[in-house]
1. What are the residues whose amide H is under 5 Å from the amide H of Ala75, where those residues sit 5 or more places off or on another chain and H is modelled from the backbone?
2. Among 24-37, 88-101, 130-143, what's the highest-first ranking by average C-beta atoms within 10 angstrom per residue?
3. Would you mind working out the accessible area per residue for region 49-89, using a 1.4 Å probe, and quoting it in Å²?
4. With an 8 Å Cα cut-off and a minimum separation of 6 or more residues, compute the relative contact order for the chain in percent.
5. Taking a probe of 1.4 Å, how large is the accessible area per residue of region 1-48, in Å²?
6. What is the percent carbon and sulfur in the accessible area of the chain, measuring with a 1.4 Å probe over the protein chains and ignoring ligands?
Amino acid sequence: GARAGDRIFVTGTLGGTALAVARAARGARVRVAPEPRLAAGMVLARMRGVGGCIDVSDGLAADLGHLLDASGVGAEIDAARVPRPAGFAAACARAGADPERLALAGGEDYELLFTLRPGAPAAARVARLLGVPVAEIGRVHRRRPGGRTRSARGFRHF
């Protein structure tokens, strides 16, 4: 349901779970229990102006690719606007991990990635409606003829 001109949003922060996995691989004891945004998803399902929506379980890049492919459109994301947990860059440095890669391609965060039509509310208003932090991270555009979504590899389950 995403269309050219839609704005792209994400709830919460991304990369925290991937960082925990990276830290665990280096022997750290970590406990991560991401909480699916079920209540926020139900609000989005009733909200006017929503184009497409998917949970971020395979990583932002991969799941955005799924949404774009299903809608037959392309997108541009501003990686600097992708919300990350507090202290994320420093924690990534200590773990020897690339913060941008973890935020864009790490999986299992269970946040929501969704598009809103141009006349829909701004991120602050949507955050109040959903009861969770929301950030605008990009825009949907027409797919170029013969084009296919280019995305980074997401979380690999096996």
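The values are calculated or read from the model by the stated rules, or taken from the named source; none is laboratory data. On a predicted model such as this, the values are computed, not experimentally measured, just so you know. Cβ sites come from the backbone with ideal geometry, for glycine too, and all protein chains shown count toward neighbours. Note: areas computed on protein heavy atoms with side chains; ligands, DNA, RNA excluded. Shrake-Rupley method; radii C 1.70, N 1.55, O 1.52, S 1.80 Å.
1. His141
2. Going by the mean number of other Cβ atoms within 10 Å, highest first, we get 130-143, 88-101, 24-37.
3. 40 Å²
4. 47 percent
5. 60 Å²
6. Reported share for carbon and sulfur atoms: 52 percent.
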